[in-house]
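First the structure, in the form of structure tokens, and then the observations on it.
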Amino acid sequence: CVVLHCPALRGTAALRPRHLRPLLLADHLAQLLRAQGVSVRLVPALAEEGSQQFLRQLRVNWPSSSGGSALPDAVSALKRALGRSPCAAACEWGSGTAVLPEDVICKVHLKSFMEQQGLVGYDPNLDVLLVTEGKLQSLAELQQAVLQCTVSNPAALPASRFPDGSCCSIVHVVSCEEEFQQQQLDLLWRILDPGAYTALQKHLVCGPVKVTNPSSPIGADQYFQLRKRQMYEASVMKYGELAQDEAWTEVIDTLTVAAIRFEMLSTAHRSQITLDLEDSSISTKGTKSGAFVMYNCARLATLFDTYQRAVERGTYPPLPPASELNFSCLREEGEWLLLFNYLLPFPEVLQQAAQLPTPTKGIRITANTETVCKFLIQLSMDFSSYYNRVHVLGEPFPHLFDQMFARLQLLGAVRDMFHSALATLHLPPLSQI
């Protein structure tokens, strides 16, 4: 089991583009892990309806808060542990001291704890932490998630999949701006709950998201609406009045989500992302965009829809079982490229993307979360090149059927692979574009 913790969702302020990166990465990583048979818990649960509605627009399936009655008891237990901890000390409230927030419970000496435990990889500036009710609630929710993982998955999964050989792992997916605060909570949790699992906390840190040409600080919802407007304008320019039909509303929404997800996830999580808000190329069929991937997925859907309608008219016979096909008819280089570069290695691609390798030292881990986006982009480029060059549905002559059937079988497998990969990004396949 893996607990994926996204602190970006804990803030009371409105989400910004820099918050979307760890959020979408955590959502994608959860899907990848589940595809490998791993149980995943997502933390924190969302309480605000506005945030839930926005995440639904992004097709992020994040749990909502149920107001669990176990949390107050867990917070109380952490407070008792705080009172017993030698690292904790009462705050001084003398007249010469700075005014502290009312919800501060006490202070904890993190630096001395790190030195005693010999912990490495933490920020050297970590020193004294003022413990608040909110921090204890965050830890209590993490505790509950680990407990639920253990209860629902008593059987140990292959230990090699997880850092340090554990059957349960906690991964904090954080932006570089949130890393310091999350390290504070990490240490506080180790101090208050010195169980085996708290030592298995790892940090997956995302690089900065730089926004160019902003007239003012832009929120995540504004960013979404901007990309949606650009996608709509590009669709109208290409397809005219057709793109203004109500049936295209869902298509444009899907293309918008694809554009944003590929913009956020096709770069290695450690590297910086630059968002040019005035550059509308993100919404066209540029070969590096999510829209280009969705366009090629839709081309496959159109191909099989056209073939099925031709079968119903009696133009072509139905596709025979794969065991009866003559694959020696596939002589195009592009056909073998699709087979050997994509279809055969695809299961390994998904497995590698879901790996959480053990760090050599410290608490940071890396993940290949850009793998699926890059795979889909390269697949789309090679499929597009092949599809533009080869006429799959040829003339309805019996002596040409063997080659057509073999090609359809191959492209049917490519279509299914598209769908499986897009599912890890919570993107539905498009039947039109």
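The values are calculated or read from the model by the stated rules, or taken from the named source; none is laboratory data. Here the structure is a predicted model, which means the values were calculated and not measured. Note that we place each Cβ from the backbone using ideal geometry, even for glycine, and neighbour counts take in every protein chain shown. Heads up: the accessible areas ignore ligands, DNA and RNA and are worked out on the full protein's heavy atoms, side chains in. Shrake-Rupley method; radii C 1.70, N 1.55, O 1.52, S 1.80 Å.
When the solvent-accessible area of the range 220-425 is split by element, carbon and sulfur atoms take up 51 percent of it, the probe being 1.4 Å. Residue 177 versus residue 361, label points 7 Å from Cα toward the beta carbon: distance in nm? Distance between label points: 3.1 nm.
Note on the chain: with charges restricted to the Cβ of Lys and Arg (+1) and Asp and Glu (-1), its dipole about the Cα centre is near 580 debye.
You can think of it this way: the chain between residue 61 and residue 222 has 55.9 nm of extra reach, that is 0.36 nm per residue less the Cα-Cα gap. In the chain, Cα pairs under 8 Å separated by at least six residues give a relative contact order of 20 percent.
If I take R0 = 30 Å and measure r between the Cβ atoms of residue 210 and residue 36 in this structure, what FRET efficiency does the formula 1/(1 + (r/R0)^6) give, to the nearest 0.05? For R0 = 30 Å, the calculated efficiency reads 0.35. Cross-link partners for residue 374 among the lysines, with Cα-Cα distance under 30 Å and sequence neighbours closer than 8 places in the same chain left out: 202, 210, 228, 238, 285, 288, 361. Spin-label point model (7 Å from Cα, Cβ direction): what's the residue 339 to residue 400 distance in nm? That separation, rounded to one decimal, is 2.2 nm.
Fully extending the segment from residue 326 to residue 270 would add 15.5 nm, taking 0.36 nm per residue of separation and subtracting the current Cα-Cα distance. Local charge for residue 224 was computed over the other residues whose Cβ lies under 12 Å away, with Lys and Arg +1 and Asp and Glu -1, and equals +4. FRET efficiency for the pair residue 14 and residue 413, taken as 1/(1 + (r/R0)^6) with r the Cβ-Cβ distance and R0 = 30 Å, rounds to 0.10. Think of the chain as a dipole: +1 on every Lys or Arg Cβ, -1 on every Asp or Glu Cβ, centred on the Cα centre; then among 231, 88, 134, 88 lies furthest on the positive end.
What is the distance in Å between the Cα centroid of the range 1-62 and that of the range 108-150? Using only Cα atoms, the two centres lie 21 Å from each other. Each DSSP beta bridge with both residues in the chain is either parallel or antiparallel, and the antiparallel ones are about 25%. Where only DSSP H runs of four or more residues are counted, the chain gives -15500 deg cm²/dmol as its mean residue ellipticity at 222 nm, each run worth -39500 (n - 2.57). Hey, can you list the DSSP H helices of the chain whose Cα span along the axis is 18 Å or longer and whose average Kyte-Doolittle score is at least 0.5? Span-like helices here: 248-265. For the chain, modelled as a GNM with alpha-carbon contacts under 10 angstrom, which of 83, 134, 314 fluctuates the most? Greatest mean-square fluctuation among the candidates belongs to 314.
Taken per residue, the accessible surface of the range 220-425 reaches 47 Å², heavy atoms only and a 1.4 Å probe.
Along the axis of the charge dipole computed for the chain (Cβ charges of +1 for Lys and Arg, -1 for Asp and Glu, origin at the Cα centre), the listed residues 125, 61, 257 are led at the positive end by 125.
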